[in-house]
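Visitor: Shown below is the structure under consideration.
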Amino acid sequence: MRIAILDLGTNTFHLLIASVNKRGDWKKVFKSKTAVKLGEGAIHQNEIAPIPFKRGIRALLHYKKIIAIHKPEKVFAFATSAIRGAKNGSDFVEMAKEKTGIDITVISGDKEAELIYLGVRQCIELGESPVLIMDIGGGSTEFIIANREKIFWKHSYNIGAARLLEIFKPSDPLHLSELKKTEKFLSSELSTMIAAVKKYAPDQLIGSSGSFDTFAEMIGFQFYNRNIIANTNKYNFKMEEYFHLHEKILFSTIAQRKKMKGLVKMRVDMIVLATICTAVVLRETGIKKMSLSKYALKEGALSAVIANG
């Protein structure tokens with residue numbers, strides 16, 4: 001059986017088409033991502049602005065053609081923060097159905113966190129010790145404390161990179177005062193996560209997909225002159241390399257970041273907020289190890305769909 005999964009995020013729409021055997025094992029048939037930036041311009045007003053709205057529908061029309069070529073038996077579409085929180089999110093869902101025939105399920109932040117965990121668990125062999133999983137989206141950022149058996153704690157915060165960009169509108173380059181203000185805001189917003197870390201004592205941070213893919217790709221080109229994650233789904237960061245990259249990104253200009261290898265155009269503005277958020281988490285929790293899981297929500301959603309028959 002073939003199953004198509006659409007993960008409709010705030011920054012990016014993902015399509016994963018997989019072939020599933022009778023045992024429930026799957027392999028990738030097709031995978032694609034399209035930058036839509038649904039949150040651009042109006043996410044802080046809880047709205048999808050007209051231009052991003054059209055971009056999103058256009059991306060779904062493109063994916064409709066690809067899905068028709070691969071002929072999956074089932075198609076599942078999941079929408080997250082931007083559509084979930086927008087006053088016109090239901091309008092987007094209705095237009096998507098009208099134009100493409102695709103039914104979109106808008107999931108809660110809690111469900112999003114659960115699916116991210118299911119994705120990461122397929123990619124990284126978790127043990128008995130708890131880990132802290134972090135997924136930086138455009139609209140929200142999810143945190144999950146879990147081991148291979150279960151989730152101990154999870155929460156979705158409305159502090160995605162696109163939302164932070166709209167809230168703080170950082171200068172080019174970032175001023176030190178803006179950095180301090182952003183760090184203080186994040187420390188306050190994440191107080192419940194920090195308390196949960198103290199309770200469950202996870203021993204590493206696993207960043208799922210998105211910004212963490214970008215960190216790894218940029219580190220690869222900066223230190224090793226190649227894409228170090230091209231043929232793997234996971235990566236263990238060397239912390240000194242991550243913090244070196246963090247410092248380089250922080251006070252760079254947009255023009256400088258556009259020339260940095262491994263940094264895709266869509267993330268040129270948001271990567272500053274993403275690395276501030278990551279560094280705050282590492283500092284506030286005291287975690288000394290960090291890994292990347294390329295698997296995230298779409299792989300978790302596929303796993304859940306297979307499990308539910």
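The values are calculated or read from the model by the stated rules, or taken from the named source; none is laboratory data. Please read these numbers as outputs of a predicted model, since none were measured by experiment. Please note: Cβ atoms are built from the backbone with ideal geometry, for glycine as well, and neighbour counts cover all protein chains shown. The area values use the complete protein model at the heavy-atom level, side chains included, leaving out ligands, DNA and RNA. Shrake-Rupley method; radii C 1.70, N 1.55, O 1.52, S 1.80 Å.
Visitor: Apply 1/(1 + (r/R0)^6) to the Cβ-Cβ distance of residue 221 and residue 177, taking R0 = 30 Å, and write down the FRET efficiency to the nearest 0.05.
Guide: On the way: r = 31 Å, r/R0 = 1.03.
For R0 = 30 Å, the calculated efficiency reads 0.45.
Visitor: What are the chymotrypsin sites (Phe, Trp or Tyr not before Pro) within segment 218-264 that DSSP puts in a loop, where the Cβ has at most 14 other Cβ atoms within 10 Å? Please report the intermediate quantities before stating the final value.
Guide: On the way: sites: 221, 223, 224, 235, 237, 242, 243, 251; in loops: 237, 251.
Those satisfying the criteria are 251.
Visitor: Principal axis lengths of the chain from Cα atoms, whole Å, largest first?
Guide: 51, 46, 39
Visitor: Looking at segment 95-197, which trypsin sites (Lys or Arg not before Pro) are in a loop (DSSP not H, G, I, E or B) and have at most 14 other Cβ atoms within 10 Å?
Guide: Numbers: sites: 97, 99, 111, 121, 148, 150, 154, 163, 180, 181, 184; in loops: 148, 150.
Those that pass, being in a loop and sparsely packed, are 148, 150.
Visitor: I need the calculated FRET efficiency for the pair residue 243 and residue 110, taking r as the beta carbon distance and R₀ as 41 Å, to the nearest 0.05. Before the final figure, lay out each step's value.
Guide: Working: r = 32 Å, r/R0 = 0.78.
Once the sixth-power term is evaluated, E becomes 0.80.
Visitor: Within segment 268-309, which trypsin sites (Lys or Arg not before Pro) sit in a loop by DSSP and count at most 10 neighbouring Cβ atoms inside 10 Å? Mind dumping the intermediate values first?
Guide: Details: sites: 283, 288, 289, 294, 298; in loops: 288, 289, 294.
Answer in residue order: 288.
Visitor: Same structure, new question: How many angstrom lie between the C-alpha centres of segment 204-261 and segment 22-69?
Guide: If you average the Cα positions of each part, the centres end up 25 Å apart.
Visitor: Follow-up. Taking 0.36 nm per intervening residue step and subtracting the Cα-Cα distance, what contour gain separates residue 28 from residue 289 on full extension?
Guide: Numbers: separation 261, 0.36 × 261 = 93.96 nm, distance 2.95 nm.
Answer, rounded to one decimal: 91.0 nm.
Visitor: Could I ask something else about it? Leaving out ligands, DNA and RNA, what percent of the accessible area of the chain is carbon and sulfur, probe 1.4 Å? Don't skip to the answer; put the middle values down first.
Guide: Details: 7120 of 14100 Å².
It is 51 percent, rounded to a whole number.
Visitor: Below 8 Å between Cα atoms, with a sequence gap of 6+, how large is the relative contact order for the chain in percent?
Guide: 20 percent.
Visitor: Then there's this: Given Cα pairs under 8 Å that are at least 6 residues apart, what percent is the relative contact order of segment 124-219?
Guide: Values: 123 pairs, mean separation 33.3, N = 96.
Across segment 124-219, relative contact order equals 35 percent.
Visitor: Accessible area per residue of the chain at 1.4 Å probe, in Å²?
Guide: Details: 14100 Å² over 309 residues.
Per residue, the chain has 46 Å² of solvent-accessible surface.
Visitor: Please give the calculated 222 nm ellipticity per residue for the chain, where each DSSP H segment of at least 4 residues contributes -39500 (n - 2.57) and the sum is spread over every residue; nearest 500 deg cm²/dmol? Please list the in-between numbers first.
Guide: On the way: 12 runs with 138 residues, N = 309.
Calculated mean residue ellipticity at 222 nm is -13500 deg cm²/dmol.
Visitor: Quick one, could you list the DSSP H helices from the chain stretching 30 Å or more along their long axis (Cα atoms) with average Kyte-Doolittle hydropathy of -0.5 or above?
Guide: In the chain, the long hydrophobic H runs are 50-70.
Visitor: So, in Å, what gap is there between the alpha-carbon centers of segment 1-21 and segment 106-165?
Guide: Cα centroid of segment 1-21 versus Cα centroid of segment 106-165: 18 Å apart.
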